[in-house]
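The values are calculated or read from the model by the stated rules, or taken from the named source; none is laboratory data. This is a predicted model, so every value here is computed, not measured. All Cβ positions, glycine included, derive from the backbone under ideal geometry; neighbour counts span all protein chains shown. These accessible areas exclude ligands, DNA and RNA; they are computed on the full protein's heavy atoms, side chains included. Shrake-Rupley method; radii C 1.70, N 1.55, O 1.52, S 1.80 Å.
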Amino acid sequence: IGNESVETLLKDLRRRFAGRDPAHLDWRLDPERYTMEQLAGRLRAFLYEEKAVPCSEPTNLQLRLCGYSAGRPLAEVWEVSMTGHACPPPRRIMDETSFGVMWDGQYEALNRLILGLGFDVGDALVKHGMPAEEVGRLQEELVRELYATLSVPAMPIQDAIDLARFLVETTIGFVRFAVFLPKSVGGAVEIAAITKHEGFRWVQRKSFYPADMRQ
């Protein structure tokens, strides 16, 4: 956003949440009372209202906030999405009763693997004679029949980590070798696990510094 990287901005926000920003002490989170909805609202206020609105250049950014509200037994996922100069209120895209694999960005590999259909299947059906007004209904029916279930609610955390790694690496490989897709996925893969009792923990993380300089 402007000349500030998203990584640095999120670390600035983390500093506020920890109560280490003297100018924004009211942003400090109470570990016993915060909610994911509150966090999503603060995320939008900081990145959009405080940073993006004063910036003359448009901002296109989508962030997903995952975790547990204080005292809650199960996790939620919230989304903050900025397009150009607009940013609607945060929306919850997975509630506590839901589970499963979610993906965004480059869809094609996982659409085919999990949904059983490529992104352009609608156009292909119309090309082969299906009335356009019937395509959406057929796609929904095909997804219900072809959907590949890769996770269960009580999935061990190590299996979930391995599944996340597999899905990311599958997408990277698919994009690399798909001749006509833009090479928009790649680089170092970072994985974190968020659990109720251990909180946020890095599982796999890139490093900018030699081993003897890390702390």
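Quick notes
- Unique match (being open to solvent by 70 Å² or more (accessible area, probe 1.4 Å), touching a residue at least 12 places away in the same chain (Cβ under 8 Å) and within 24 Å of residue 161 (Cβ to Cβ)) among 72, 14, 91: 72
- Residue match in region 91-106 (condition: charged (D, E, K, R), within 27 Å of residue 199 (Cβ to Cβ) and in a strand (DSSP E or B)): yes
- Of all residues in region 171-181, those satisfying the criterion of being surrounded by fewer than 14 Cβ atoms within 10 Å (Cβ to Cβ), part of a helix (DSSP H, G or I) and out of contact with any Gly (no Cβ under 8 Å at 6 or more places or on another chain) are 173, 177.
- Within region 115-151, the set of residues being within 24 Å of residue 96 (Cα to Cα) and touching a helix residue (DSSP H, G or I) at 6+ places or on another chain (Cβ under 9 Å) comprises 115, 143, 147, 148, 149, 150, 151.
- Selected residue (criterion: nearest to residue 24 (Cα to Cα)) from residues of region 41-69 that are free of Cβ contacts under 8 Å to residues at least 60 places away in the same chain and either β-branched (Val, Ile, Thr) or in a strand (DSSP E or B) (or both): 53
- Subset tally (residues that are in contact (Cβ under 8 Å) with a residue 24 or more places away in the chain and over 17 Å from residue 101 (Cβ atoms)) for region 174-192: 4
- Tally of residues being farther than 17 Å from residue 34 by Cβ and surrounded by 14 or more Cβ atoms within 10 Å (Cβ to Cβ) across region 75-88: 4
- Set 154, 148, 188, 192: member being touching a Phe, Trp or Tyr at 6+ places or on another chain (Cβ under 6 Å) and surrounded by fewer than 15 Cβ atoms within 10 Å (Cβ to Cβ): 192
- Candidate set: region 17-37, residues that are assigned to a helix (DSSP H, G or I) and in contact (Cβ under 8 Å) with a residue 12 or more places away in the chain; chosen: the one farthest from residue 75 (Cα to Cα): 27
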